[in-house]
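Take a look at the structure below.
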Amino acid sequence: MTSGKVTGREETAVCARLVEQLTCLPPPPLAVARLASNPSLSVDKTPGPPSMEIVAAADSDERGLSLLKVVDVLQRVVVFVHSFTVGKFRGKLRKATTSSEEMPDMSEEHVTAKVKELCQDLILNDEALKDVCDNLEEEINKGLGKDSNPEASIKCFPTYVRELPNGKEKGRFLALDLGGTNFRVLLIELGDKCTMDSRIYAVPQPIMVGPGDGLFDHIAECLASFIKERNLGDELLPLGFTFSFPCKQEGLTKARLARWTKGFKCEGVEGRDVVELLKLAIARRGDVRIKICAVLNDTTGTLMSCAWKNYNCRIGLIVGTGTNACYMEKLEKVELWDGGNDGPHQVVINTEWGAFGDNGCLDFVRTQYDINIDRESINPGKQLYEKMISGMYMGEIARQVLLRLISERLLFGGCSSDILQEKGSFFTKYISEIESDKDGDFSNCRAILEELGLDDVTDTDCANVRHVCECVSRRAAYLAAAGVSVLLNRINEESITVAVDGSVYRFHPHFHNLMVEQISHLIKPGIKFDLMLSEDGSGRGAALVAAVASRSASMR
Ligand code: BGC
């Protein structure tokens, strides 16, 4: 078993997760006090799987806190948490503002004309974005059609979630959350307020690419250790399993993995029901009893979590390590639907839009950088839209562009560094940090370049590096906006809330504004929308799906 120490590349994910857990903490001093008094934050000291813990007695119903206040809490917490985990943290959080002065300035005077020219490939004009929307719409239609689904790149899996929460859900639930380099177990209490107690466990790299049984044994081990620590052994709590990979659902508790994404590649899981695999792993241990009530994707959790108190919420979006969206669709449009026709004539569709473009329909906007990244990835030819948008790839796209500029002697006098030559060395969080520098100030940028072994840099170099980051993140935000616009236009209601989560959306200083700006251009006149940061969809959303499922079952 590896140690639970969080280092280097895991830091972004860990910080994101920690912050995700803390989004509903009380105001700053208390939040910090809780963390300070919780020495188990850094590394697990108890026997069992490696883990990190935050006792987040989260009152997610603190609607009195304005978004700005929440962001302020997050800023303080991230800086604090980071000082526990890795030391330095230069990144700042997204400011929740829609003012245009916060938008990136793509016309900085220092940027070299030749650099601008070379980055042109990354800039999507209105026409290209419109074509992206049209293709996406077509792929969604194909995905929903019974006969056309097999060739569709966007699979549009019905989730069997047909009702949104009504805000009155109550009870105690367990939730499992697997979707990235960490795995979480949560104990959630829903009532007038929502309280959560959770523990984060690392998923060591060998487990991410090892045999499937190893992964599920690890999950079962973490769950067993959580249950023992909390003395929950005597209760048979309903459990929601957030499994954030493309799955063909065959019911609320049956989901066959279609393919691995985001760096996972465990043998023997594709094509199998992940709930069954989890049950088998638990049975192999024989020391815990569980009652799985729902398996869901993180997008569904995000939608449910926001819809709990916001009745206009119809879309769940993730822009984090991976990207995906789900939305509420009318049953009559879902030819694929094989569930009953009783009850609400709607179902949440997990689009799995990350695979958009896998049939070549995005080739007209893909660049040589995208082609290189795909070729060197663990899943070539797959998840092509995701590879242009999400946090797992954005940093690497920027690195590829920087290397190209160096090779053309347009950056750092043509000299690279050993670190920058290494694949993956330019983390996606660097993009957020560099773009958080105030106009004309390059302090984050210089510090990052120094970390990468590039210390003799000019202001022009920094402006050029920042320009590259802006092109990469702006393209990602516009592509995600194109996807959201297609869904908003399909739903076509007067006022729609989009629940959003994921580290890229949360931490990039302009991602929200860029998306809002582009969606406004692409949607039908008359539709009002807002993008709302959704609090802990993978945890609270799982509990809500389980709660809504048991309510519907008891009414039938
Ligand atoms: C997965 C989705 C998931 C998304 C965000 C993608 O790689 O295929 O199922 O929702 O990442 O976590």
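The values are calculated or read from the model by the stated rules, or taken from the named source; none is laboratory data. These numbers come from a predicted model, not from an experiment. A quick note on method: Cβ atoms are made from the backbone with ideal geometry, for glycine too, and the neighbour counts reach across all protein chains shown.
Overview of results
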read-out: Matching residues, the range 167-178, being loosely packed, with under 15 Cβ neighbours inside 10 Å and either in contact (Cβ under 8 Å) with a residue 60 or more places away in the chain or within 27 Å of L336 (Cβ to Cβ) (or both); value: G167, K170
read-out: Residue in the range 262-271 that is basic (K, R), more than 10 Å from the ligand (Cβ to nearest atom), in a loop (DSSP other than H, G, I, E, B) and within 24 Å of I154 (Cα to Cα) present; value: yes
read-out: Residue within the range 269-291 that is touching a Pro at 6+ places or on another chain (Cβ under 8 Å) and either among the β-branched types (V, I, T) or at pLDDT 95 or above (or both) present; value: no
read-out: Test set (1) modelled with pLDDT under 95; (2) within 16 Å of the ligand (Cβ to nearest atom); (3) more than 26 Å from R184 (Cα to Cα) - S552 fails condition number; value: (2)
read-out: Matching residues in the range 506-535 - criterion: being in contact with a Cys (Cβ under 7 Å, 6 or more places away or on another chain) and buried (at least 22 other Cβ atoms within 10 Å of the Cβ); value: S534, E535
read-out: Options I349, I318, I378, I373; residue that is within 16 Å of the ligand (Cβ to nearest atom), closer than 28 Å to K265 by Cβ and in a loop (DSSP other than H, G, I, E, B); value: I378
read-out: Odd one out for N310, checked against (1) farther than 24 Å from N231 by Cα; (2) more than 16 Å from the ligand (Cβ to nearest atom); (3) not in a loop (DSSP other than H, G, I, E, B); value: (3)
read-out: Top-ranked residue of the range 272-293 - restricted to ones that are without any contact (Cβ under 8 Å) to a residue 24 or more places away in the chain and either of a type in the set (D, E, K, R) or farther than 19 Å from A224 by Cβ (or both), ranked as nearest to the ligand (Cβ to nearest atom); value: D273
read-out: Every pair of residues 6+ apart whose Cβ atoms lie under 8 Å, when the first sits in the range 242-254 and is at negative phi and part of a strand (DSSP E or B) while the second is aromatic (F, W, Y) and within 16 Å of the ligand (Cβ to nearest atom); value: C247/F157; K248/F157; Q249/F157; Q249/Y160
read-out: Subset of the range 483-505 [β-branched (V, I, T) and either surrounded by fewer than 23 Cβ atoms within 10 Å (Cβ to Cβ) or in contact with a Cys (Cβ under 7 Å, 6 or more places away or on another chain) (or both)]; value: V486, I491, I496, T497
read-out: Matching entry among T195, T181 (being among the hydroxyl-bearing types (S, T, Y), touching a strand residue (DSSP E or B) at 6+ places or on another chain (Cβ under 9 Å) and closer than 30 Å to A476 by Cβ); value: T181
read-out: Which numbered condition E235 misses (of (1) within 16 Å of the ligand (Cβ to nearest atom); (2) part of a loop (DSSP other than H, G, I, E, B); (3) out of contact with any Pro (no Cβ under 7 Å at 6 or more places or on another chain)); value: (1)
read-out: Tabulated pairs, the range 219-230, first farther than 12 Å from R285 by Cα, second part of a helix (DSSP H, G or I) and not acidic (D, E), C-beta under 6 angstrom, 6+ apart or interchain; value: none
read-out: Answer residue from the range 244-256, given it is touching an Asp or Glu at 6+ places or on another chain (Cβ under 7 Å) and near the ligand (Cβ under 10 Å from one of its atoms) and is nearest to R184 (Cα to Cα) among those; value: S244
read-out: Among (1) of a type outside the set (D, E); (2) within 14 Å of the ligand (Cβ to nearest atom); (3) within 27 Å of I200 (Cα to Cα) - the single one G171 does not satisfy; value: (2)
read-out: Candidate set from the range 274-307 (those that are among the charged types (D, E, K, R) and in a loop (DSSP other than H, G, I, E, B)); member that is nearest to L186 (Cα to Cα); value: R289
read-out: Meets criteria (at pLDDT 95 or above, closer than 28 Å to I188 by Cβ and either within 16 Å of the ligand (Cβ to nearest atom) or outside any helix (DSSP H, G or I) (or both)) for A499; value: yes
read-out: Members of the range 183-231 found to be under 19 Å from the mean Cα position of the chain (by Cα), of a type outside the set (F, W, Y) and under 19 Å from A543 (Cα atoms), listed by number; value: R184, V185, L186, S198, R199, I200
read-out: Flag for D358 being assigned to a loop (DSSP other than H, G, I, E, B) and either away from the ligand (no atom under 16 Å from the Cβ) or in contact with a strand residue (DSSP E or B) (Cβ under 6 Å, 6 or more places away or on another chain) (or both); value: no
read-out: Every pair of residues 6+ apart whose Cβ atoms lie under 7 Å, when the first sits in the range 335-349 and is in contact (Cβ under 8 Å) with a residue 60 or more places away in the chain while the second is of a type in the set (K, R) and in a loop (DSSP other than H, G, I, E, B); value: E335/K146; L336/K146; G343/R162; P344/R162; Q346/R162; V347/R162
read-out: Filter result for L296 (more than 9 Å from the ligand (Cβ to nearest atom) and under 17 Å from R490 (Cβ atoms)); value: no
read-out: Criterion (hydrophobic (A, V, I, L, M, F, W, C), within 17 Å of H508 (Cβ to Cβ) and at pLDDT 95 or above) met by exactly one of I373, I419, I431; value: I431
read-out: Selection count, the range 321-346, where residues are among the aliphatic types (A, V, I, L, M) and within 13 Å of the ligand (Cβ to nearest atom); value: 1
read-out: Test: residue in the range 145-161 that is more than 23 Å from the chain's Cα centre (by Cα), of a type outside the set (S, T, Y) and at positive phi; value: no
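Okay, residues lined up against (1) among the small types (G, A, S); (2) in a helix (DSSP H, G or I):
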{"position": "A325", "(1), (2)": "yes, no"}
{"position": "E332", "(1), (2)": "no, yes"}
{"position": "N341", "(1), (2)": "no, no"}
{"position": "P344", "(1), (2)": "no, no"}
